[in-house]
Amino acid sequence: MGLLGVLLVPATLLVVSMLLLVTAWLEETVLSARSLILRTARSQSRYMQPERAEQVVADQSERLLRSLQR
């Protein structure tokens, strides 16, 4: 158990570090307010006029700003 225990400590640290890196990447690229707004605008822009897509983005960004100020 001694050698296995010694090897598990760095392995655990590596797993935790990788999990933190993946979480940070996911939060920055997928869950950020900017990416959510862009994804919504792109997905809905096929079905609406550019002015309406711009209004949707403006509404969402305003709602996000208000929630950040609380």
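Before moving on, here are some points about what is shown:
- Of all the numbered requirements in (1) assigned by TED's automatic domain parsing to the domain that holds Gln60; (2) over 20 Å from Leu68 (Cα atoms), Thr40 misses one, and that requirement is (2).
- Scanning segment 56-70 for residues that are modelled with pLDDT of 75 or more and either touching a strand residue (DSSP E or B) at 6+ places or on another chain (Cβ under 6 Å) or surrounded by fewer than 13 Cβ atoms within 10 Å (Cβ to Cβ) (or both) yields Ala58, Asp59, Glu62, Arg63, Leu65, Arg66, Ser67, Leu68, Gln69.
- Failed item in (1) surrounded by 12 or more Cβ atoms within 10 Å (Cβ to Cβ); (2) modelled with pLDDT of 85 or more, with Ser35 passing the rest: (2)
The values are calculated or read from the model by the stated rules, or taken from the named source; none is laboratory data. For clarity, every value in this text was computed on a predicted model and none was experimentally measured. FYI the Cβ positions are ideal-geometry reconstructions off the backbone, even for glycines, and counts take in every protein chain you see.
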